[in-house]
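Structure record follows, encoded as structure tokens.
Here, each number is a calculation from the coordinates, and none is a lab measurement. Quick caveat: nothing in here was measured; it's all calculated off a predicted structure. So basically every Cβ, Gly included, is an ideal-geometry build from the backbone, and we count neighbours across all protein chains shown.
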Amino acid sequence: MTSHFTETYTLSNGVHMPVLGLGTYRVRDQEILDACLLEALRTGYRLIDTATVYRNERAIGNSLKRIFEQDLVPGLRREDIFLTSKLAPKDQGYDACYQAVQDSLQNLQVDYIDLYLIHWPGTARLKLPDPRNAINRMESWRALEDLYREKKLRAIGVSNYTLGHLKQLVQRPHMVHPHPSHHHPHQQQDPLPPGSVASIQAPTEHRALASTLVIPHVHQFELHPRLVQKDILDFCAVHKIQVQAYSSLGEGRLISLDALPPQKSKRESPSSSPSPPPVAPLGALEIMPYLIQKYFPSVNMSFERQEEDGVGTDAVTAATYARYSAKILLRWGLQHGFVVIPKSTQPERIRDNFDVFEFELEQEDMQQLDLYSLGNQRTRYCWDPTNVH
Ligand SMILES: NC(=O)c1ccc[n+]([C@@H]2O[C@H](COP(=O)([O-])OP(=O)(O)OC[C@H]3O[C@@H](n4cnc5c(N)ncnc54)[C@H](OP(=O)(O)O)[C@@H]3O)[C@@H](O)[C@H]2O)c1
């Protein structure tokens with residue numbers, strides 16, 4: 001397999017972020033993490049996605065330390081890895097957030113973290129409509145901005161923000177660029193999009209309070225063909241916020257053979273019909289068998305056992321279907337320019353999910369997949385932040 005660990009997107013502050021990484025949600029066991037991380041890094045993954053609430057930062061730190069010290073991936077150093085962690089909702093607010101990052105640094109056993117995200121727009125134990133949610137996350141952001149300036153974090157961002165939450169953060173009043181002489185000579189500079197509200201000069205009385213406005217470098221949210229939120233994608237594009245998709249495989253449910261409606265063994269090209277595909281249970285993607293057959297012609301995609309000249313071929317297995325659907329979904333994300341972070345604890349799947357650089361979906365197939373997010377076909381598999389004030 002060709003190595004693709006050099007494939008990166010460039011964030012608005014110039015930092016390079018790998019296009020594909022390993023998700024680690026619900027993986028806590030040290031031995032399993034040791035095996036997964038080693039497999040992933042040997043395969044070519046260079047991005048690891050964790051969070052305080054996953055309670056695996058310490059174990060990930062231990063695994064990485066062992067890999068570096070024992071040179072288990074020859075030549076691999078800390079600076080080759082892009083580590084992401086996230087602020088727990090219980091730690092919202094300036095002081096708690098500042099401290100939480102120190103704890104993450106200690107648990108991960110590193111001097112800096114490549115990307116730190118506010119995991120969720122709300123605060124633990126506050127009701128969703130409570131206006132303190134908005135105040136707290138803004139205070140957390142100020143702490144992240146300070147830690148970014150202190151170079152403890154190479155990039156900062158948010159996760160699970162709605163368009164409203166994003167606008168509130170990016171279009172803050174009274175925030176100005178400090179006078180250039182206030183900059184530390186080695187300070188990271190954030191280019192602001194021309195005409196952004198953030199670049200407007202604040203009234204003089206606010207200048208003393210003003211600090212550099214950092215526009216989030218990354219927004220990580222649930223994103224797959226069943227949940228494309230175009231307004232958020234457009235906003236991110238305008239403000240040069242890199243989109244990172246999570247639950248690209250619908251937590252496994254988008255790639256489940258069981259979710260498909262009953263199949264006919266011969267499938268027609270769905271591109272012959274311009275209308276969106278019909279709704280299926282559990283958010284299945286009915287186009288998938290067709291796409292698998294088109295891009296992986298050697299895969300036997302028949303849905304029943306076939307006999308020809310006395311030679312029998314078994315029906316497609318759930319594992320084969322999941323394996324190739326996963327590739328198509330990851331490829332869809334990559335071709336849209338999203339960072340993808342599939343999670344698996346199975347070495348073979350970890351390798352398979354990285355083997356997505358050798359084929360390309362045609363434009364018409366990308367469009368067909370996009371159609372699944374229209375109207376009532378939208379499906380959310382993870383958290384819904386819509387009602388967080
Ligand atoms: N910011 C947030 O709020 C947030 C929320 C959710 C997720 N995330 C991040 O995004 C990552 C990915 O999302 P996710 O964990 O929700 O789900 P996902 O990546 O959509 O799906 C993971 C599931 O699919 C299975 N799977 C993976 N590759 C497969 C393959 N090739 N064939 C068959 N099955 C496969 C995995 O099982 P096995 O492990 O058994 O292989 C697991 O059950 C998370 O781990 C986390 O790092 C962030």
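Values computed for the structure shown
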quantity: Segment 243-262 residues near the modelled Phe296 label - backbone nitrogen below 19 Å, point 7 Å along Cα→Cβ; calculated: 248-261
quantity: Shape call, segment 1-90: gyration tensor on alpha carbons, a/c limit 1.5; calculated: oblate
quantity: Full-extension gain in nm, Thr8 to Thr313, via 0.36 nm per residue minus C-alpha separation; calculated: 105.7 nm
quantity: Full-extension gain in nm, Glu364 to Asp80, via 0.36 nm per residue minus C-alpha separation; calculated: 98.6 nm
quantity: Spin-label model distance (nm) - Tyr112 vs Glu348, 7 Å beyond Cα toward Cβ; calculated: 4.1 nm
quantity: Exceeding the 21 Å Cα-Cα cut-off - candidates Lys86/Lys230; Lys90/Lys127; Lys86/Lys327; Lys65/Lys152; Lys86/Lys151; calculated: Lys86/Lys230; Lys86/Lys327
quantity: Theoretical FRET efficiency, 1/(1+(r/R0)^6), r = Cβ-Cβ of Arg142 and Asp258, R0 45 Å, to 0.05; calculated: 0.45
quantity: Inter-site label distance for Arg42 and Arg55 at 7 Å from Cα along Cβ, in nm; calculated: 3.0 nm
quantity: Farthest toward positive dipole pole in segment 296-389 [+1 Lys/Arg, -1 Asp/Glu at C-beta], among Thr345, Cys382, Gly310; calculated: Cys382
